[in-house]
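Peer 1: Here it is, the structure, as structure tokens.
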Amino acid sequence: MSLFLTPQEFIQAKEHYQLGFLTTEKPNSLTTGLSQVCKADISKALEILKNVDTIALKNSLKFLPSLEPLSRNIQSVLNKNGRIFIVGCGATGRLALSLEYLWRRKYAQSNTVTAFMAGGDIALVSSLEGFEDRPDYGEKHLTQLGFTEKDILIAVTEGGETPYVIGAALAGASLSNYPAFFLYTNPREEIQRIERSRRVINHKNVIDISIPVGSMALAGSTRMQSSTVLMMLLGHCMGLTSLQDLNEYVEKMLKIQLETDYQKLTVFTEFEAHQLANNRRTLYSVNDLVLPVFTDTTERAPTFSMVPMSTWESMLQKESSRIQVMVRGTKNSTDAWGKMLLRTPHSLQWQEERTQSSYIYQCDFSESFGERWKKQFDASQINLDGENQAFLISGDSLNVKFNLNCSDDLSMHLMVKMLLNAHSTVMMGREGRFESNIMTWVKPSNGKLIDRAARYVMYLMHQNGYEEFTYETIINKIYEIKSIIAKDESIVMKCFESLAQQNQRELLRILHCQCFANNRYSDRPRVNQFFFDFFCQFLT
């Protein structure tokens, strides 16, 4: 059964999802017209995105003192043999799993850190519709993992309003002897306007930490700057960096980022954009950098309505994704998931089929599966590797090297994340998968994204000079289109086109009535109707 509300229920509860006032949802003035720049000059577009990353890192410096209680409580928990639980949804869920991986990598696969995300580990591959909107699911997931009063919960949500994360945060705050921490990247005064956010930040056993980093390069695309900054700061507080002082570490990351030439990605972006334009597929072959690579490719599906990676049967019966990730040195699905997470994947084992452990292992990223996929779909192979503090991109005439001088795995993962985010964004801009700096190809898989899609339809109507429809009309149209649209089509564009035609027909109807009243056509009704139908067909 679908977890979505009906259109009527959504409209009735719309104030819970209308979040356009948040800074992370607003367009960034530095990236206005980015889609046009992507098509005209890849290097310039990459430099624009680098500047936005730089500003986000610099902005975080102002808020570092607020993280001291988090570092202190984490150390206290570790000293008393407690555990660290990290929860997120979507991009922050992948952030959480990345930090658990880095912990296990540094501390010999220690079970001290447990990360979880809405839908379980399968959500690394594709999101489970509606899960993010359920605070009770966040609570249930936390208790299912065995959280106790000796453990600490760190809830991470870019916007500060995700119901699943809030549900887990409130549960953790009630169960633990330690305060639950609630991290987000919007100003505190903004999220105080949201009832569910007020409930968590006002809880007596919750410490909320606001780290406003500004608007995203693409409006609402918190997979980029927000999740980068949160991963950097939380990773340091967990002890995953080579420097003890947080300010010194952020300054070091900023220096590395400033010295990194994003424009060296140009040849890679040109190559993959050409692949995409010609309906060709690309196999990413990875080793130690599997999670930053995997995360960026996975997030292209909801952000740009790309077909997600899935099971072999689904690829053959429906359509294969344009990208597949192959984890080198793995023979089967079990090996691949084990190398990707450094543990057995977590399954919720709830009623939804994709929460079952059997389904997770149908999603295969092993070397043997990758070779099979490459042969089946005649794909090109690109190798993405970390070696001696460098990030290497090779294969199919590509040979790009970034000397990053990263002294720890966290720094390397952060830099690779930023580079791949910039690459995939510019590539999708060349493909026309966003308009200016607005995510017009976003997939509305939860309440927040349905509202975001509605706002973007309104934006397009306004930009193109059409009479704007009511919010309720647009929501109904989104639900109507959602039931029939293909996986890699833009629901925003489809709704815009449908409403634009409706607008044109209404204008024609008015014009027709005026002409009929003034006898501009003929005194015969059938002739008038002929002219009306003709012009309607012409415009549509």
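The values are calculated or read from the model by the stated rules, or taken from the named source; none is laboratory data. In this text the structure is predicted, and so the values were computed from the model without any measurement. Ideal geometry is used to build each Cβ from the backbone, glycine not excepted, and the neighbour counts take in all protein chains shown. SASA here: full protein model, heavy atoms, side chains in, ligands and nucleic acids out. Shrake-Rupley method; radii C 1.70, N 1.55, O 1.52, S 1.80 Å.
Peer 1: Using only Cα atoms and rounding to the nearest 10 degrees, what angle (0 to 90) does helix 447-463 make with the longest principal axis of the chain?
Peer 2: On a 0 to 90 degree scale, this one is about 40.
Peer 1: Antiparallel DSSP bridges in the chain: what percent, to the nearest 5? Intermediate values should be presented prior to the final figure.
Peer 2: Values: 12 of 40 bridges.
Antiparallel bridges make up about 30 percent of those DSSP assigns within the chain.
Peer 1: Quick check for me: using +1 on Lys/Arg Cβ and -1 on Asp/Glu Cβ, what's the dipole size of segment 154-216 about its Cα centre, in debye to the nearest 20? Before the final figure, lay out each step's value.
Peer 2: Working: 6 positive and 6 negative charges, 42 e Å.
Taking the Cα centre of segment 154-216 as origin, the dipole is about 200 debye.
Peer 1: From the protein chains alone at 1.4 Å, what is the descending order of accessible area for T112, T162, largest first?
Peer 2: Numbers: T112 30, T162 10 Å².
Heavy-atom accessible area, descending, gives T112, T162.
Peer 1: What FRET efficiency comes out for the pair N59/T473, r = Cβ-Cβ distance, R0 = 30 Å, nearest 0.05? Please list the in-between numbers first.
Peer 2: Details: r = 38 Å, r/R0 = 1.26.
About 0.20, to the nearest 0.05.
Peer 1: Let me ask you something else. Compute the angle between helix 163-175 and the longest alpha-carbon principal axis of the chain, please, reported from 0 to 90 degrees and rounded to the nearest 10.
Peer 2: Value to nearest ten degrees: 30.
Peer 1: Right, another one. Using the heavy atoms of the protein chains alone and a 1.4 angstrom probe, what is the accessible area of the chain per residue in square angstrom?
Peer 2: On the way: 21540 Å² over 540 residues.
It amounts to 40 Å² per residue over the chain.
Peer 1: Angle, helix 491-517 long axis vs. longest principal axis of the chain, Cα atoms, 0 to 90°, nearest 10?
Peer 2: That works out to roughly 20 degrees.
Peer 1: Further question: Charges only on Cβ, +1 for Lys and Arg, -1 for Asp and Glu: so what's the dipole of segment 229-333 about the Cα centre, in debye to the nearest 20?
Peer 2: 480
Peer 1: Can you give the extra length, in nm with one decimal, that the chain gains between H274 and T112 once fully stretched, where that is 0.36 nm per residue apart less the Cα-Cα distance? It would help to have the intermediate numbers written out before the result.
Peer 2: On the way: separation 162, 0.36 × 162 = 58.32 nm, distance 4.43 nm.
Extra length available between H274 and T112 comes to 53.9 nm.
Peer 1: Another one. Just need the relative contact order of the chain here, percent rounded to a whole number, with Cα pairs under 8 Å and 6+ apart.
Peer 2: 18
Peer 1: For the cross-link pairs K331/K448; K80/K339; K140/K477; K264/K477; K50/K140, which exceed 31 Å when the distance is taken from alpha carbon to alpha carbon? Show your work: numbers first, answer last.
Peer 2: Values: K331/K448 39 Å; K80/K339 29 Å; K140/K477 34 Å; K264/K477 42 Å; K50/K140 39 Å.
Violating the 31 Å Cα-Cα cut-off are K331/K448; K140/K477; K264/K477; K50/K140.
Peer 1: Here's another thing I want to ask about it. Along the positive direction of the dipole of segment 233-289 (beta-carbon charges: Lys, Arg +1; Asp, Glu -1; about the Cα centre), which of H236, T269, L246 reaches farthest?
Peer 2: Going by the charge dipole, the pick is T269.
Peer 1: Specify whether the C-alpha gyration tensor of segment 343-393 places it in the rounded, prolate or oblate class, a ≥ b ≥ c being the square roots of the eigenvalues: rounded for a/c under 1.5, otherwise prolate if a/b is larger than b/c and oblate if not. Mind showing how you got there, number by number?
Peer 2: Numbers: a/c = 3.74, a/b = 1.61, b/c = 2.33.
Oblate shape, in that a/c is at least 1.5 and b/c is the bigger or equal ratio.
Peer 1: Roughly how many whole Å is it from the C-alpha centroid of segment 421-441 to that of segment 340-389?
Peer 2: Between the Cα centres of segment 421-441 and segment 340-389 lies a distance of 25 Å.
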